[in-house]
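Q: My questions will all concern the structure given below.
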Amino acid sequence: MRSPRNSKPSVDGAPVVVSAPTLKEAYRIVRADYGEDAVILGTRTVNRRQELGLGHDREIEVTVQMPGATAAVSGLGSRTGRALSTGGTRAATATTGPDLNQEIIREVTRIEQLVAAIAEDHDRMSRQRLPYCDNPLAETLIENGASPAAVNTMLTRFTSETGNPVTDRPAAVAWLTENLRASNCSWDEFYGCHAFLGEAGCGRSDLVLTAAGLLQAMGRHTLVLSLMPTSSGDIKRLQLEASRVGFDAAVIKKESQLASAEKHLANYDVVLVDMPPLRHEVMAEGGRIHGWLARNTGFHRHLLVPMDKDPAYMDYLNRAVRVWNCDWVAISRADLSGRGGKLIDLLEKVPVPVSLTGANPAHGGSLEIAQSDRLLDAMLGGAEPDDFRPGVAAANETAVAEVAW
């Protein structure tokens, strides 16, 4: 709707002033009322007091030369019209017709895109200056890989639950240690059936085989159950490790074999299930494997997360925890990342306790039960990759034949 202050021609086609809330709307009115041949002589921003109220209204005024009228004479005596371009306003012979219209539209679009880009930059910079991130503890966590948003959320909880300021580093560290949920047990308490889930390439099989070797060395009767391995090489590796270390191994190649395997599981102290990759077709929600795991409510379900990837870009994590009812998250490839602060983002994204922390065996790493204080050390940059090595006995070298069902 046009403003009531929109001017009408006074005499003999004198310039007209059109008012509108935005430049784009003003140009639309000009085109609608005066046609494509109208010449834009100038624009300005004005603030007018509201008729009712205490504020002001901001409007754009566009001065228009009527089509066919003589152009205004400038102070230098030349007849000029003003048109907008990507280089700014220029004095030149008046441009009329479709060319002027397209030039105006392009300039308005450019201005709108520029405003949007400025707003985006401002929002991004504002997120970097979150209120609870301006202290040494937050800076340490952010420098070690945590995102400002996750740190701000964590320290907001700290201040609201304890009443202490974020500058109280000892209190904040003590609160973090208490609230970092982890196994906090030992291998002596590791029993039962455990299913390990994760994306392809997350180090799932490495972790399972390492855990089996540690448990077998402690005298546990251990079984590794491999579900639908993706290659014959995976099967061969499992057979070799079982023979070398001494645990039992079984391969399930068809979904129809799942039910028959269940009756054997109670014969073992520990059963480690190496699940297919999450994106494999047999892992569809509502499929036979999903139903089989759902029926076995006594299974512990561990979602593996490799620390050489950024949790911010792992959108599948939260959904996987819900779909597969995971009660633990296990950390793999801890030796391949020097930025332990990412754990804060991970635990913000996946709100379940950490069960195990592992390093890539190909790089000399090993496996340990997760401890809250050691997780905090890693977040603060105080733990080196070698710190993830547990003090356990060497693997049992007794060869045991592969289980055949």
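Read the figures in this text as sums done on the coordinates, not as results from a lab. What you see is a predicted model; the values in this text were computed from it and never measured. As a convention, Cβ positions derive from the backbone with ideal geometry for all residues, glycine included, and neighbour counts pool all protein chains shown.
Q: How would you rank 174-182, 266-274, 111-119, highest first, on the average number of other Cβ atoms within 10 Å across their residues?
A: Working: 174-182: 17.3, 266-274: 19.0, 111-119: 10.7.
Order by mean packing, descending: 266-274, 174-182, 111-119.
Q: Show me 144-150, 284-290 ranked by packing, highest mean number of other Cβ atoms within 10 Å first.
A: Values: 144-150: 20.3, 284-290: 13.3.
Output ranking for 144-150, 284-290: 144-150, 284-290.
Q: Another one. Given R₀ = 30 Å, FRET efficiency for ASP308-SER243 by Cβ-Cβ distance, to 0.05? Mind dumping the intermediate values first?
A: Details: r = 30 Å, r/R0 = 1.01.
Calculated transfer efficiency: 0.50.
Q: If you don't mind, there's one more thing I want to ask. Only Lys, Arg, Asp and Glu count, each charged at its Cβ (+1, +1, -1, -1), so figure out the dipole size of the stretch 251-343 about its Cα centre, rounded to 20 debye. Before the final figure, lay out the partial values.
A: Numbers: 13 positive and 11 negative charges, 27 e Å.
It comes to approximately 120 debye.
Q: Rank-order 341-351, 152-162 by packing density, defined as the average count of other C-beta atoms within 10 Å over each peptide's residues, highest first. Could you put the intermediate results ahead of the total?
A: Details: 341-351: 20.5, 152-162: 16.5.
Result, highest mean Cβ count within 10 Å first: 341-351, 152-162.
Q: What Kirkwood hydrodynamic radius do you get for the stretch 180-388 when you take the inverse of the mean 1/r over all pairs of distinct Cα atoms, in Å?
A: Hydrodynamic radius (Kirkwood, Cα pairs) of the stretch 180-388 is 17.3 Å.
Q: Quick one: Cα centre-to-centre distance for the stretch 195-254 and the stretch 282-332, in angstrom?
A: Between the Cα centre of the stretch 195-254 and that of the stretch 282-332, the gap is 18 Å.
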